[in-house]
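Structure first, commentary second.
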Amino acid sequence: MLPEIILAQKNSPKLAIKQIIQSSKGTVGVAVIGLEDNFSMTMNDHKRFTLHSVYKFPLALAVLDQVDKGQLSLDQKLHVTKKDLLPNTWSPLRDEHPNGGDISLSELLGYTVSQSDNNGCDFLFRLLGGTKNVQTYIRNLGIKDISIAATEEEVAKAWPVQYTNWSRPSAMLRLMVNAYRGKYLSQSSTDFLWKLMRETSTGPNRMKGLLPPGTVVAHKTGTSGTNDKGLAPATNDVGIVTLPNGKHFAIVVFVADSTDDQKTREGVIARITKVVWDYYLAKS
């Protein structure tokens, strides 16, 4: 048994999580809250963490807000051109529709959220009129410490641009929990969004990595490249975990500017999630 798991079973998970963070060759931001109890904690919440594909979650919220307002429909077909499907970027959409085509909004959201498709992401940004409109939507929800400034294409063109998309851990946690509780969208749109989050196929070794097989985790990952010095600006996972008793906790883990290898970075997320999981199992 990992030593931090023993700690988590005996105490609040804060000390165990602090030990994991101290072992990381990077900066780790954490925010956790129990949805049915009053437990909450943050670590390094004063820092700004680059988001990468985690920002596809607030993008999806903004798209579904337009669906609820009748400006868009999940069933409507949108024409994706070959020009929209950039090469040299993560894109199952491009791989499955190399020449483009008419694709429903619900499918595009599936590609963008569940499969973290970069071309689908930028298509949806254009559909909403750009990143500024998504930023305005998030600000109007009362969430201040999230910045959405650059598309995936823009991020790929220049290394520093990725740092313009950022969040404090508690801000992303608040956005996620409020969305989960149906404070932003209609019931049907809320249900659809969390279905997409449960169907996420990326990052199986992160939040889910040390949890029992079959555990329901609705989450969104974010991953940067690594520079020639071995530094990775972002290895992220944010989501909501369903416990065996049917209760839930929401968790945000951002691993920033780390020189650990990917397996180790993902292991930090898995270990922190497992500490919280074991804390709740010990309580029940």
Taking segment 210-271 and dividing mean pair separation by its residue count, relative contact order in percent (alpha carbons under 8 Å, at least six apart): 31
Measure of compaction for segment 163-232 (Cα Rg per 2.2 N^0.38 Å): 1.34
Net length gained if the chain between LEU78 and LEU281 were fully extended (0.36 nm per residue, minus Cα distance): 68.5 nm
Förster radius 25 Å - calculated FRET efficiency between SER12 and LYS47, Cβ distance, rounded to 0.05: 0.70
Gain on full stretching of the segment that runs from GLU199 to TRP159 - 0.36 nm per residue minus C-alpha separation: 11.4 nm
DSSP-loop trypsin sites (Lys or Arg not before Pro) across segment 162-211, with at most 12 other Cβ within 10 angstrom: ARG181, LYS183
Alpha-carbon Rg/Rh ratio, for segment 89-146, with Rh computed the Kirkwood way: 1.05
Residue-averaged [θ]222 nm for the chain, counting only DSSP H segments that reach four residues, each worth -39500 (n - 2.57): -11500 deg cm²/dmol
log10 of Debye I(q)/I(0), alpha-carbon scatterers only, for the chain at 0.08, 0.12, 0.14, 0.17 Å⁻¹: -0.31, -0.72, -0.97, -1.41
Cα-projected label distance for GLN19 with ASN38, points at 7 Å along beta-carbon direction, nm: 2.8
Dipole magnitude of segment 158-240, debye to nearest 20 (Cβ charges: Lys/Arg +1, Asp/Glu -1, about Cα centre): 240
Unit Cα scatterers, Debye sum, segment 27-180: log10 I(q)/I(0) for q = 0.13 Å⁻¹: -0.62
Cα-based reach from LYS18 at 30 Å (exclusive), listing lysines while leaving out same-chain residues under 8 positions away: LYS10, LYS47, LYS56, LYS144, LYS208, LYS220, LYS229, LYS247, LYS263, LYS274, LYS283
Relative contact order (%) - the chain, alpha-carbon pairs under 8 angstrom, separation at least six: 26
Taking MET172, MET207, MET41 and counting other C-beta atoms within 10 Å, the order from fewest to most: MET41, MET172, MET207
If the convex hull is drawn through the Cα atoms of segment 43-91, its volume per residue in Å³: 142
Reach of LYS195 by Cα under 13 Å, taken over aspartates and glutamates that are not fewer than 8 positions away in the same chain: GLU107
For segment 36-123: Kirkwood Rh in Å [reciprocal of mean 1/r, alpha carbons]: 14.7
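Every number in this text was worked out from the coordinates using simple rules, so none of it is lab data. Just so you know, these numbers come straight off a predicted model, no measurement behind them. So basically every Cβ, Gly included, is an ideal-geometry build from the backbone, and we count neighbours across all protein chains shown.
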